[in-house]
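Some notes on the structure that comes next.
Derivation of every value follows stated rules applied to the coordinates shown; laboratory data play no part. Please read all numbers here as calculations on a predicted model, not as lab measurements. We place every Cβ from the backbone using ideal geometry, glycine too, and count neighbours over all the protein chains shown.
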Amino acid sequence: TTHTVGYFVGSLSSTSINRTLSKALIRLAPPELEFREIPTGDLPLYSPDFDADYPPVATALKDAIADSDAVLFVTPEYNRSIPGALKNAIDWASRPWGENSFDHIPAAVIGASIGQIGTAVAQQSLRGVLSFCNARQMTSPEAYITFSEEKFGADGEVHDEGLEGFLRDYMTEFRDHIERVLTVLPRD
Ligand code: FNR
């Protein structure tokens, strides 16, 4: 059976290295996983004033998560934390109260930066948020990717054998994690 993975790219940049990483992950993923991007760039800033009447763009966000068997976050680090656009999307999806879209959903976190830390601090912050949202996170392996144009082609080709193997293993582990979670927490 196949599983639908809704993925978030935490960057709105037209030249995002995290979008390139997402392409690499999709290339290297096992055949049981199918991918659909869940866009965040058109959401207004969340306010509880919307709770009584979500705008269509926010309803579409919640529907996209509901239609996914799992979610994958591919995100940059902004000032040692989560980019605002991504946090805004998570806030929208977590509400209205009692209708948290992330409850029990299988999830994984990964990210790329130019620097050596490889988004580790942002990922730690994101994990805290997803814990509160009660997502079932894959906790191992972790993946802190230092991006370079020598290692990644524009369409997500990976030119470094060791990195390619690492990313393939990461996605295989994610598939196994999804299947373990769905065994006890099926998504209808
Ligand atoms: C950054 N960058 C960055 N990098 C990092 O490793 N730790 C950080 O805290 C930050 N902070 C930060 C803040 C802001 C506002 C910007 C615009 C950038 C650099 C960042 O890693 C780099 O711009 C990446 O290219 C961002 O990923 P995308 O957008 O290319 O996917």
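Structure summary
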quantity: Cα-projected label distance for Thr59 with Glu157, points at 7 Å along beta-carbon direction, nm; calculated: 4.4 nm
quantity: Reachable aspartates and glutamates, given that their alpha-carbon falls under 13 Å from the alpha-carbon of Lys87 and they are not under 8 places away in the same chain; calculated: Glu77
quantity: Overall form of the stretch 71-188 per C-alpha gyration tensor (a/c, 1.5; a/b vs b/c); calculated: oblate
quantity: Under 21 Å from the Cα of Lys151 - lysines, other chains or at least 8 residues apart; calculated: Lys23
quantity: Cross-link partners of Lys62 among aspartates and glutamates (Cα-Cα below 20 Å; sequence separation of 8 or more within a chain); calculated: Glu34, Glu37, Asp42, Asp49, Asp51, Asp53, Asp91, Glu99, Asp103, Asp188
